[in-house]
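The structure under discussion appears below in the form of structure tokens.
The values are calculated or read from the model by the stated rules, or taken from the named source; none is laboratory data. On a predicted model such as this, the values are computed, not experimentally measured, just so you know. Note that each Cβ is placed from the backbone with ideal geometry, even for glycine, and that neighbours are counted across all protein chains shown.
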């Protein structure tokens, strides 16, 4: 295990090392939105499968409308799902509707607006070139054509395309299962009365939501007591339920009641680091367990609400994205300007909660809250972004460039 503080960027590289989807599954189209396609998808049919009319009108032969106006006998009709199956002779026409198959021997569609019905005949008032208003077979795609590539994030458009390709189900990467475990004797679930010294467990709800937003499946493991035996019992239960990663909240530091590290070591987790040079969220455990035949990752987050949520956004979200086969969904840093002066930073990269305003030129102006305490959830909720201050960043003045990560 790495001793001492490691940079946040190094920590993320270690966490994401070898992180990739593990197994796939077949799911129905209706369930596929937002999932990631495992393999290339080829069309099982040609679309359209026949020459089809793009307009309502009449299907005719070009030779019969050489002289305009022309008067043709209407001998049948072709509608979607009900094609005309007969033949066509001299000076004859077929009534046709949008999407209907173009009858054999006809080569031209005369739109309805350029005709006048006359009993069992139609008067052609204006001609068209052959092929106009006819969608040729295979105009959209042809059987065997690869239309959706592996790694594609399925959206409504691609679901419709897959259906049109005649695929009733898709093979997608399975969602990684992330077990979320709160720890601490002081924690009780929302809705309960609080005894002296107790607090509401809130962090696990946020972390579960981050997991699900990132493309994973959250497994709620409840609250473990500050006892090694309780921690082991909860973690072992998560492993037995197929968890791909364990996210613990609290107990990640080095106090007498911080028991996550020794408990996880007893189960066979090997730790890679235990502290990150960041504020908030310095206590951070990362370990792996390969004794079950697959790699189970463990992320131990600090118990302070803001610390755990920011760590979830910066580290948990990209890991879940990678294991779900998704591109990293969390916003990359972008440029803004400071709305106030800032003191020099110390040896830890800081993620300051800020409000964002947009000036008349469209520039983002980031102004940090005066108080940045890691217990203040209300401030985090009001924040529009995180302002990233690098390790040992010098003092900065209002109007200088800065980097932010948007939260909303």
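Here are a few things to note about the model shown:
- All of (1) farther than 19 Å from residue 311 by Cα; (2) touching a residue at least 12 places away in the same chain (Cβ under 8 Å); (3) part of a loop (DSSP other than H, G, I, E, B) hold for residue 357 with one exception: (3).
- For region 102-120, the set of residues classified as in a strand (DSSP E or B) and surrounded by fewer than 15 Cβ atoms within 10 Å (Cβ to Cβ) consists of 116, 117, 118, listed by residue number.
- Region 31-65, subset out of contact with any strand residue (DSSP E or B) (no Cβ under 8 Å at 6 or more places or on another chain) and touching a residue at least 40 places away in the same chain (Cβ under 8 Å), residue farthest from residue 295 (Cα to Cα): 49
- Which listed residue is assigned by TED's automatic domain parsing to the domain that holds residue 260 and touching a helix residue (DSSP H, G or I) at 6+ places or on another chain (Cβ under 9 Å), from 273, 369: 273
- Residue match in region 251-258 (condition: buried (at least 21 other Cβ atoms within 10 Å of the Cβ), in contact with a helix residue (DSSP H, G or I) (Cβ under 6 Å, 6 or more places away or on another chain) and either at positive phi or not in a helix (DSSP H, G or I) (or both)): yes
- Residue in region 85-101 that is in a loop (DSSP other than H, G, I, E, B), buried (at least 19 other Cβ atoms within 10 Å of the Cβ) and not assigned by TED's automatic domain parsing to the domain that holds residue 35 present: yes
- On the stretch given as region 367-394, residues that are over 28 Å from the mean Cα position of the chain (by Cα), part of a loop (DSSP other than H, G, I, E, B) and either in contact (Cβ under 8 Å) with a residue 60 or more places away in the chain or over 14 Å from residue 348 (Cα atoms) (or both) total 9.
- Residues of region 155-189 satisfying the condition of being modelled with pLDDT under 95, surrounded by fewer than 16 Cβ atoms within 10 Å (Cβ to Cβ) and under 29 Å from residue 323 (Cβ atoms): 189
- Residue match in region 272-284 (condition: surrounded by fewer than 23 Cβ atoms within 10 Å (Cβ to Cβ) and without any contact (Cβ under 8 Å) to a residue 24 or more places away in the chain): no
- Test: residue in region 331-340 that is under 26 Å from the mean Cα position of the chain (by Cα) and either over 23 Å from residue 406 (Cβ atoms) or in a helix (DSSP H, G or I) (or both): no
- Note on region 288-316: among residues that are farther than 25 Å from residue 332 by Cα and under 24 Å from the mean Cα position of the chain (by Cα), the one that is surrounded by the fewest Cβ atoms within 10 Å (Cβ to Cβ) is 295.
- Residue within region 33-45 that is modelled with pLDDT of 95 or more, touching a helix residue (DSSP H, G or I) at 6+ places or on another chain (Cβ under 8 Å), under 30 Å from residue 95 (Cα atoms) and not in a loop (DSSP other than H, G, I, E, B) present: no
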